[in-house]
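S.K.: Please see the structure below; I have some questions.
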Amino acid sequence: MTVHLDRPAEVGPGQPGAVDAVRDDTGARAVSPVAGAVHRTGPAEVTFTVSADEPVFAGHYPNFPIFPGMCVLEIAHRGALLTAPEPGLALAAMKSARFTAPVFAGDRLTVAVDWKRDRERWTCVARARAGDRDVAVVRLDYRAGGDR
Amino acid sequence: MIDVADILPHRYPMLLVDRVLDIEPGRRVTAVKAITRNEPWYADAAAVSSSDGAAYPPALLVESWAQAAGLVFGIEQPNPDVLAGRVMLLGSLSDVEFHRPVLPGDVLEHRVRVARAVGETVIFEGECVVGGELVFTVSRMVVAYRPAGVLREAGGEQRT
């Protein structure tokens with residue numbers, strides 16, 4: 001049983017606007033390289049603002065902070081879980097990921113997700129933009145049966 | 001003994017390779033990383049209240065594997081300062097399949113091979129095992145080696 005001390009009482013899972021994937025009810029994304037909150041802003045959209053305080057910046061890289069591509073992928077994954085068509089999905093594969101522009105502190109990422117059923121798996125295509133720049137497109141496969 | 005910090009520009013908490021076991025420069029590497037609860041991702045005590053909740057983030061597993069790949073050419077052309085020399089930029093990944101979760105106490109063994117190298121573009125493939133058990137496989141990772149100046153230019157554009 002996980003106790004969430006900092007979740008406002010009126011905000012429940014699945015409600016747009018104020019859901020933090022790190023502290024969602026499943027606890028599935030409780031361990032994450034990204035400290036900030038991912039917010040659901042629509043049925044198929046999440047946003048994330050890259051704070052200069054993100055812990056990864058200390059080492060990626062000293063004196064030249066770049067938000068790691070794998071952290072953009074992490075945001076896409078958390079966005080996928082926030083908009084998932086059913087509960088309890090677990091990441092099975094990164095079918096593809098393409099990184100097209102760097103992301104820096106202060107950028108506001110908008111991730112559009114598109115879910116499709118593919119036999120035993122669910123597939124989520126996530127397109128991440130920072131302002132008018134396309135920064136990444138990832139295709140993630142999920143299977144039912146637990147989170148990780 | 002090879003010090004990975006002499007080769008890679010990453011530093012704590014994002015230096016995710018501990019030691020090189022075996023390397024053939026330009027061809028392949030085997031490197032390890034120990035997963036520990038002392039990493040900052042585990043700082044929230046609620047996060048480790050169950051074994052499932054303590055699973056290491058898949059994005060960091062792949063980041064760690066990609067850093068191991070950076071050693072294959074990096075050992076002959078080190079890049080300890082990201083703003084000097086040539087930097088390895090991640091372009092794309094294909095078919096990364098996850099087979100089991102990773103928990104604190106596990107030791108990742110990354111096996112990375114060069115599938116193809118054309119000019120400044122290199123395609124890596126390989127897998128990661130824990131205690132001989134397959135954790136994930138990477139069919140293809142494409143990277144490009146570029147002068148460090150491209151990063152400074154990109155950063156400058158964003159900051160103006």
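S.K.: Most exposed first by the Cβ proxy, i.e. fewest other Cβ within 10 Å, how do A:Asp107, B:Asp6 rank?
M.R.: Ascending number of Cβ neighbours within 10 Å: B:Asp6, A:Asp107.
S.K.: Whole number please: convex hull volume per residue of the Cα set in the protein assembly as shown, in Å³? Show your work: numbers first, answer last.
M.R.: Working: hull volume 39.5 nm³, N = 308.
Convex hull volume per residue, Cα atoms: 128 Å³.
S.K.: How many percent of the alpha carbon pairs in chain B exceed a separation of 19 Å?
M.R.: On the way: 7121 of 12720 pairs.
Tail of P(r) above 19 Å: 56 percent of Cα pairs.
S.K.: How big is the range A:21-144 along each principal axis, measuring the range of its Cα positions in Å and listing the largest first?
M.R.: Result for the range A:21-144: principal-axis Cα extents of 46, 29, 25 Å.
Only the coordinates and a few stated rules stand behind these numbers; no lab work does. What you see is a predicted model; the values in this text were computed from it and never measured. Every residue, glycine as well, gets a Cβ built from its backbone with ideal geometry; the counts of neighbours run over all protein chains shown.
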